[in-house]
Structure formats: C-alpha cells, structure tokens
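The values are calculated or read from the model by the stated rules, or taken from the named source; none is laboratory data. Keep in mind the model is a prediction, meaning the values are calculated, not measured. Cβ coordinates were reconstructed from backbone atoms using ideal geometry, including for glycine residues, and neighbour counts include every protein chain displayed. Only protein heavy atoms, including side chains, enter the accessible area calculation; ligands, DNA and RNA are left aside. Shrake-Rupley method; radii C 1.70, N 1.55, O 1.52, S 1.80 Å.
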Amino acid sequence: MAASIIIWPEIEKAEREKRRELVLQGPAVEERLQLSGGQLPPSLFSLTLLNYLEVRDCAGLRELPAGLGLLTHLQNVVLCRNRLQRLPDVLGKLQAVRVLDLSGNQLEELPAELCELPELCTLNVSCNRLRELPPGLERCTKLASLNLSKNCIAAFPPGLFCPQLALLASISAADNQIQELGAEIGLLPGLKSLDLSNNRLAEIPCELADCSKLKEINFKGNKLKDKRLEKMVNGCQTKSVLEYLRVGGRGGGKGKNKTEAAGKEEAKDRKKKRERKQKRDDGGDEDDEEEELNKTMLRILHISENPAPLTVNVSGNAKDVRPYIVCCVVRGMNLRPGNALKRFLVAQTKLHDEMCEKRTLATIATHDLRLVKGPLLYDARPPNGFKVVPLGRKEINAKDLLRQLQLEAEEQRKQKKRQNVSGLHKYLHLLDGKENYPCLIDAENTVISFPPITNSEKTKIRKSTQDLFLEVTSSSSLQVCKDVMDTLITKMAELNRFTLENKEEEVLSDSELEALPGQHAQTANQNPQTETGSQLLLEQVRVADPEGNLKVLYPSKTDLNLNSSLFEVVR
C-alpha cells in the first residue's frame, strides 16, 4: 500500500479542529508507520498550531524528517520509547520548546543545535546509547531538569556546571561511565537533586557541599577511595555526606581549608554556648525565651510512633500516566477566623500558577482529613471507568466530565471572543491522549481526587477543617512533588501564624457547626494554638508500590530543611 493513501485520523482531526495537541501511540499508529516505511506523514508538519506533540512506543520510528522544523510553536515534544537513531539538525528551529523527552530510543549522539533552545527547561535523554553530550548546554539558561541516566557517557562536557544555570535543580546521570565530578559542581546555586549512582567515580569533590539547596544525592555503586565516605553514601546519609564533605573529608579539593574553617565554627559554637549559659546564670535570657515561644513549631510524628498512620498504595497503572505522588497529614490549621480559609485557597492557587507552572509540573490537592477513609489507592483507570463528584458539581464519570468541560470551554471562548479560558478548563490539555486517567481512591472505593483536574466535593475543606490530608502529584519527578509539598507546608505555617497574630473574629455557619464532631463543637470558639505559640503536627504518610515496597515517606529527614527564624522543625 502506498504511503500517500494511508489515513491518519488523528492528524486529520487535529487539522480539522485546529488542535494544539497531538498524541500518536498504540498498535494502529505502529502499523501505519510500518506501512509508511517508518516515516511520519508530511501532513503532520502542516499542523503549525501544535504546541504539544507526543509520539511514543513506536518501534518502527527510526528517524524524524526535516519537516519537524516547521512546527515552530511546539513547547512540549515527547518522543519516548521509539527507535530513533538520529535527530535532524532542524531541532534548533524549535525555539519555543520547554520540555524535550527523547528517552528510551537508540540515539548515539545529540545534535549541537540542541544547545540553541533558549526556553528549554526539561531535557530527558535517558535510556539511549549516548557517549557524550554536545558542548554548549550551558547556553540553555532556563534548564531545570537534566536526565541522562542509562547511557554510556564517560564525562560531563566542560562548562556545563556554571552559575548561568541558576535554575538547574535536578541532574540524573545514573548508570553511565562517568569517572569524574569536577569541583565546578559547586557553582550550581539551585541544585536540589543529584543522582550519579552506578558510575566510575573515585572521589566526590568537597565543593558539592557548596550547593546550599541540595537535599537528595545518590552515589551508590561507585568505588570511592575514601571508604568511610563510601559507607556513608551506601547508607543514604545525605546530610552526613554533605557535612563530611563540608569539613574536608578525604574527598579531595579543599580538605585542609575546610577543616580549619570547621575548627573555627566549632570554636564559635562553644563561645555562643558559654555566652548563653552566662545569660541564664545572670537571669537575662527572657528575650531568648520569648523568641523561642513565638516560633511556629512544625512537629513531625514518625510513622513508627503513629498508632493509625494513613497509607497510600500505588498501582502499576499509574506508572505511564502520572507516576509520582507525595502525601502528608497536617493537624492544627485554624481556618475559622475571618478570611483564613480564603487566604489558604488563594495561596494554593498561587502555588499552582507559579511553582507548579499552571499544573504542568505538579498538582496540589487538599482534603479534610475527617472525611478521608484510608488506606488509599493511587490508580490510573479508563476515562469511563470511574466516577467523581467534582468540587461544586454532581457525580459524573471522568469521560463525561472532560466532555462537559470542553463544551464549557468552547462556549466561554465564543462568549468572550478570545483564545484563553479560565477555571478547570485551563488544564484539560494535560490529559490529551491519555488512555487512562489518574485518580486517588479511598477505602470506600470513592474517588477523592482526579489530578490534575479536581478533587472531590466529599473531602472539600471548610472553615471547620482543622486536620488536612495533602497530596501532590507530578509526571515530572519525585523531587518536584517534595519541593512543592515543602513550600505548601511552609505557606500553611505562615498563614497559621498570621491568623494567630491578627486575632480575627471566628465565624462559622450553622451547617459547619453541625458538621463538627461533638467535642470540637463545644470548643469551636477556642483557639487551637498552644500557649507556647502556634504549632502544626505533621504525620508521615507512607507511599508503597503494589508489592508493598516503600516508594516515598514524607516528610523524611531530608525534607523541610527550613532556614527561617520563624519556624522550628521538631523531628
């Protein structure tokens, strides 16, 4: 059959409806590719309005034609799990690209033009056959996430680690052949996660400790010269490893100077302790005590100490849809006074728009803990395979909800005569092309969350809510979830402190008072803060895979490392 008469209904529909997103995957697409000699149809490259293109799981796709360069509006390009062996030079013409996923192909090199993408934020080239990276990646100054895992890379290109990459937060280069991590790694001010496991490193530079935001490191599977450091690395002691490097260790670089600096710091600490003791003896520590009393306490209840911890099990179906989830229980929020609840919801919306990049990086859901029945299941199901009661709406299955929202969005566009839409309609494109939709299900088989669209009216937070269940999901990375959760909890602590200090009048509706359990109804007008200042209790939530193996426990020792005089984390 001639390639010219092969029908591609997805492309025809996208052209007819002037769609901005296109997903090609599955057996039917693979069959067409085979009949076309492994070539994507030229008609694809006439869809110049596209800003999202995804072609995945197509073994017949081995190269991309130069026509790709015509799609200059593309912002997200996902070409994972195909058999691409080379990329066209026209890649550099895609000046608007922010996310480029080339994982799971057979690439042996990357074109130099890749370094000419000024908006590039996320680059994933894991699971290929790369031996090196093109020089000049530091010119992509907006790069935030770099995944090079499972290649044959022996060294990072010179100049990659530089202050210009101030946004680079995550580097994953596990399962390569990297022999050296240069001292320049300390020049990355925003680095939060570094994975260099299963490489050929002999030393870890002390300058790594200069990365002040670093929270997660993995150097397992490297034969380090410093056996003490190797033992710490294998024990996943991130904080201890960084502290060891900070005072010199034997990792190389600045050992002597670091040790001297550490000695000076210890001397300062001893001096401060003597001064505090003297003040206590003189009776002059009232100011210090007052400062301590005014701090907002974030007290962590470890799962081993919790008689009834909430747990989340993740099904295997979620892996290919939205694989990352982090959860936490927060007790002690006071949303009753004045505009406390409104301030909290506004803060959550702001986080969605800014840090979560309009839910493209992550999605937050907050629930009234009293209404959450555990254990919970995080799953991915067909659109017509589950129902949800969206906030402010009646029960509806997910497929019909999306169709309803799409109709509303079109009507909104016609009425306002503009392209932009508001509310839930802004996030519909995030599920385009997904065969299954993510959902969080409680013990009563009720869907309480449908990310990234909505959570359920059943667990909606109200002014009477004091204890919350927090959930952050992402298709980007686990670290993104943790960073968002850290920020959300910090914001909650700030809001609680503001509420306490401003002493607004508490107002509850009759329905909200009736919803309170008896013991709380009697004390509805009492401030839940302790006499020694405001306090939030954070309960660890365990997330496990289908076999019961731990995926993430939050908050862990490396989470919530706050440099603030306003808060104190008690672990």
>> For region 451-488, give me each residue that is farther than 12 Å from R359 by Cβ and part of a loop (DSSP other than H, G, I, E, B).
In response: K460, I461, R462, K463, S464, T465, Q466, S477
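A quick yes/no check of all residues on (1) closer than 20 Å to N76 by Cα; (2) aliphatic (A, V, I, L, M); (3) in contact (Cβ under 8 Å) with a residue 60 or more places away in the chain:
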position	(1), (2), (3)
Q106	no, no, no
P111	yes, no, no
E119	yes, no, no
L130	no, yes, no
L133	no, yes, no
L143	yes, yes, no
N147	yes, no, no
> Taking the stated definitions as given, is S565 of a type in the set (S, T, N, Q), at pLDDT below 95, open to solvent by 60 Å² or more (accessible area, probe 1.4 Å) and not in a loop (DSSP other than H, G, I, E, B)?
Replying inline: no
>> I'd like to verify a number: residues in region 158-175 that are open to solvent by 10 Å² or more (accessible area, probe 1.4 Å), touching a residue at least 24 places away in the same chain (Cβ under 8 Å) and of a type outside the set (D, E, K, R), how many?
In response: 10
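Would you check which residues across region 49-68 are within 23 Å of E17 (Cα to Cα) and either under 30 Å from the mean Cα position of the chain (by Cα) or among the hydrophobic types (A, V, I, L, M, F, W, C) (or both) and list them?
Within region 49-68, the subset within 23 Å of E17 (Cα to Cα) is 49-56, 67-68.
The answer is L49, L50, N51, Y52, L53, E54, V55, R56, L68.
Identify the residue in region 352-375 that is acidic (D, E) and not in a loop (DSSP other than H, G, I, E, B) and, among all such residues, is modelled with the highest pLDDT.
D368
I'm trying to understand the selection: among the residues of region 30-48, which are closer than 18 Å to Q85 by Cα and either in contact with a strand residue (DSSP E or B) (Cβ under 7 Å, 6 or more places away or on another chain) or open to solvent by less than 50 Å² (accessible area, probe 1.4 Å) (or both)? Before the answer, list the steps.
Kept after step one, since they are closer than 18 Å to Q85 by Cα, are these residues of region 30-48: 30, 33-34, 36-40.
Correct list: E30, L33, S36, G38, L40.
Inspect region 60-75 for any residue being within 17 Å of V321 (Cα to Cα) and out of contact with any Cys (no Cβ under 6 Å at 6 or more places or on another chain) and give the result as yes or no.
First pass over region 60-75, keeping only residues within 17 Å of V321 (Cα to Cα): none.
No.
Could you check region 197-218 and list, in sequence order, the residues that are in a loop (DSSP other than H, G, I, E, B) and open to solvent by 20 Å² or more (accessible area, probe 1.4 Å)?
Hits for region 197-218 are N198, R200, A202, E203, S212, K213, K215.
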>> Any residue at all in region 341-352 that's closer than 24 Å to M297 by Cβ, open to solvent by 10 Å² or more (accessible area, probe 1.4 Å) and among the charged types (D, E, K, R)?
In response: yes
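Taking into account only those residues within region 163-186 that are in contact with a Ser or Thr (Cβ under 6 Å, 6 or more places away or on another chain) and not in a loop (DSSP other than H, G, I, E, B), which is nearest to L133 (Cα to Cα)? Before the answer, list the steps.
From region 163-186, those in contact with a Ser or Thr (Cβ under 6 Å, 6 or more places away or on another chain) are 164, 170, 172, 174-175; that's our starting set.
From what's left, not in a loop (DSSP other than H, G, I, E, B): 170, 172.
Numbers: S170: 17, S172: 14 Å.
Within region 163-186, the match that is nearest to L133 (Cα to Cα) is S172.
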> Which ones in region 63-115 are more than 21 Å from E30 (Cα to Cα) and part of a strand (DSSP E or B)?
Replying inline: N76, V99, L100
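Can you tell me which residue among E63, E116 is in contact with a strand residue (DSSP E or B) (Cβ under 9 Å, 6 or more places away or on another chain), among the acidic types (D, E) and over 24 Å from G182 (Cα atoms)? Explain how you work it out, then say what you get.
Numbers: E116 fails: in contact with a strand residue (DSSP E or B) (Cβ under 9 Å, 6 or more places away or on another chain).
Exactly one residue qualifies, and that residue is E63.
Taking the conditions exactly as written (surrounded by fewer than 19 Cβ atoms within 10 Å (Cβ to Cβ), touching a residue at least 60 places away in the same chain (Cβ under 8 Å) and of a type outside the set (S, T, N, Q)), does R20 satisfy them or not?
On the way: surrounded by fewer than 19 Cβ atoms within 10 Å (Cβ to Cβ): yes; touching a residue at least 60 places away in the same chain (Cβ under 8 Å): yes; of a type outside the set (S, T, N, Q): yes.
Against the criterion (surrounded by fewer than 19 Cβ atoms within 10 Å (Cβ to Cβ), touching a residue at least 60 places away in the same chain (Cβ under 8 Å) and of a type outside the set (S, T, N, Q)), R20 qualifies.
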